[in-house]
Amino acid sequence: MLPDTDELAEVLLDLAVPHEDINDLVRMRRRVTDDPELRQILEASVGQLVGAVGRPGGEVDLPELDWASGPLQRCFPAYVFVATLPYTRAYHRERGIPADISRRTLADLGRNMAAHRRRYGRAGVEAPRWLTRHFCGELYQLGRLQFERRRLGQRTGAALAAAGLGVEPGALCLTLHIPDFLGPLTPAACDRSLTLARDFFARHYPEERFGFATCHSWLLDPQLKEHLDADSNILRFQERFRTARQDTEPADTEPVRFVFGDPDLPVAQLPRRTSVERAIGDHLRAGGHWYIGHGWFPLPEK
């Protein structure tokens with residue numbers, strides 16, 4: 001189910017896994033393949049992912065190893081995704097998805113492991129459940145942005161129905177995500193991504209109609225207008241959206257996680273090197289809170 005030692009290193013490179021993590025992953029492979037219990041967990045996890053391939057909104061919870069915390073426990077999801085890779089690629093080929101889009105999409109495994117290393121200084125997979133969306137064919141990297149085939153949740157669906165969009169909870173939509181380690185979020189880069197997405201989904205998912213996009217992010221918190229220049233990339237990104245709803249529960253760790261790499265950093269010690277860092281940290285130090293915003297906008301027709 002897993003590639004042999006030589007091939008595994010090449011596969012991990014293709015998935016953009018940090019170079020400093022590859023030797024450990026190759027070395028620990030034998031522990032996974034030689035242990036009957038681990039092999040059974042691996043096969044069951046891959047079976048769950050393969051069963052969800054192509055189904056938007058099919059959440060997959062990978063089992064956690066009931067082991068003492070260590071490198072194998074932190075890295076085990078990487079083996080699950082590597083073992084699922086042939087099935088994901090087969091689905092992409094069946095849909096006619098270009099190899100470069102497939103490669104850039106699945107390279108989010110490496111980005112995720114880089115985020116884990118930035119936070120903890122060691123190898124591991126930061127958010128395995130997030131990555132199931134890539135390997136199940138729900139999410140694609142198209143330029144600067146990622147686009148996920150999702151179904152509207154109850155609250156957002158009700159808000160869009162009230163806005164007169166003629167949709168209801170459970171309807172298909174595209175959800176935007178903003179990956180890290182990929183340069184500035186410029187208007188031109190976002191425009192290019194939206195054009196790519198319009199053409200991509202019309203070509204590869206012609207049976208599905210996506211009339212609008214949604215986004216659920218701290219980047220849509222309107223309080224950012226009080227701290228950033230009007231021509232900042234974040235505020236220009238906000239301008240694309242109409243408000244669906246606004247959370248009332250604080251989500252202070254979200255911007256800290258994405259801006260500084262660690263949600264547990266003490267607020268008093270957050271750096272002030274950039275305008276965004278100053279905005280996030282100064283607002284929290286003044287006793288304020290950050291919230292997740294939920295927005296939408298109509299997608300341009302092909």
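Working carefully through the options GLY57, GLY96, find the one that is surrounded by fewer than 18 Cβ atoms within 10 Å (Cβ to Cβ), within 27 Å of PRO206 (Cα to Cα) and either at pLDDT below 95 or not assigned by TED's automatic domain parsing to the domain that holds VAL26 (or both). Let's see the steps before the verdict.
Details: GLY96 fails: either at pLDDT below 95 or not assigned by TED's automatic domain parsing to the domain that holds VAL26 (or both).
The unique qualifying residue is GLY57.
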- [ ] Might you let me know whether segment 140-150 holds any residue that is free of Cβ contacts under 8 Å to residues at least 60 places away in the same chain, closer than 21 Å to GLY293 by Cα and aliphatic (A, V, I, L, M)?
- [x] yes
Open item on the list: I'd like to verify a number: residues in segment 263-288 that are surrounded by 13 or more Cβ atoms within 10 Å (Cβ to Cβ) and either outside any helix (DSSP H, G or I) or in the same structural domain as ALA127 (by TED's automatic domain parsing) (or both), how many?
Closed with: 4
- [ ] Test VAL32 against the criterion of being touching a residue at least 24 places away in the same chain (Cβ under 8 Å), among the hydrophobic types (A, V, I, L, M, F, W, C) and either crowded, with 16+ Cβ neighbours inside 10 Å or farther than 27 Å from ARG149 by Cβ (or both), and give yes or no.
- [x] yes
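Quick check, is ARG133 closer than 19 Å to ARG55 by Cβ, in contact with a strand residue (DSSP E or B) (Cβ under 6 Å, 6 or more places away or on another chain) and either free of Cβ contacts under 8 Å to residues at least 40 places away in the same chain or outside any helix (DSSP H, G or I) (or both)? Lay out the reasoning, then the answer.
Details: closer than 19 Å to ARG55 by Cβ: yes; in contact with a strand residue (DSSP E or B) (Cβ under 6 Å, 6 or more places away or on another chain): yes; either free of Cβ contacts under 8 Å to residues at least 40 places away in the same chain or outside any helix (DSSP H, G or I) (or both): yes.
When the stated conditions are applied, ARG133 passes them.
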Task: Test: residue in segment 128-145 that is over 16 Å from the mean Cα position of the chain (by Cα) and surrounded by 19 or more Cβ atoms within 10 Å (Cβ to Cβ) - done: no
Task: Residue that is farthest from PRO77 (Cα to Cα), among those in segment 1-29 that are surrounded by fewer than 17 Cβ atoms within 10 Å (Cβ to Cβ) and among the charged types (D, E, K, R) - done: ASP6
Task: Residue count, segment 241-262 (criterion: among the acidic types (Asp, Glu) and either in contact with a Leu (Cβ under 8 Å, 6 or more places away or on another chain) or not assigned by TED's automatic domain parsing to the domain that holds ARG155 (or both)) - done: 1
- [ ] Hey, can you tell me all the residues within segment 1-55 that are of a type outside the set (A, V, I, L, M) and not in a helix (DSSP H, G or I)?
- [x] PRO3, ASP4, PRO18, ASP35, GLY54, ARG55
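Which one is farthest from GLU277 (Cα to Cα), of the residues in segment 231-250 that are of a type in the set (A, V, I, L, M, F, W, C) and either crowded, with 17+ Cβ neighbours inside 10 Å or touching a Gly at 6+ places or on another chain (Cβ under 9 Å) (or both)?
So the first thing to find is which residues in segment 231-250 are of a type in the set (A, V, I, L, M, F, W, C), and the list is 234-235, 237, 241, 244.
Those still in the list that are either crowded, with 17+ Cβ neighbours inside 10 Å or touching a Gly at 6+ places or on another chain (Cβ under 9 Å) (or both) too: 234, 237, 241, 244.
Values: ILE234: 13, PHE237: 17, PHE241: 23, ALA244: 27 Å.
The selected residue is ALA244.
Out of contact with any Lys or Arg (no Cβ under 9 Å at 6 or more places or on another chain), more than 25 Å from ASP191 (Cα to Cα) and among the hydroxyl-bearing types (Ser, Thr, Tyr): does that describe THR274?
Values: out of contact with any Lys or Arg (no Cβ under 9 Å at 6 or more places or on another chain): yes; more than 25 Å from ASP191 (Cα to Cα): no; among the hydroxyl-bearing types (Ser, Thr, Tyr): yes.
It is false that THR274 is out of contact with any Lys or Arg (no Cβ under 9 Å at 6 or more places or on another chain), more than 25 Å from ASP191 (Cα to Cα) and among the hydroxyl-bearing types (Ser, Thr, Tyr).
Every residue, every condition in (1) among the aromatic types (Phe, Trp, Tyr); (2) in a loop (DSSP other than H, G, I, E, B), yes or no:
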residue	(1), (2)
PRO206	no, yes
PHE210	yes, yes
CYS215	no, no
LEU228	no, yes
PHE237	yes, no
ALA244	no, no
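The values are calculated or read from the model by the stated rules, or taken from the named source; none is laboratory data. Keep in mind it's a predicted model, so treat the numbers as computed, not measured. Using ideal geometry, Cβ is built from the backbone for each residue, glycine included, and neighbour counts are taken over all protein chains shown.
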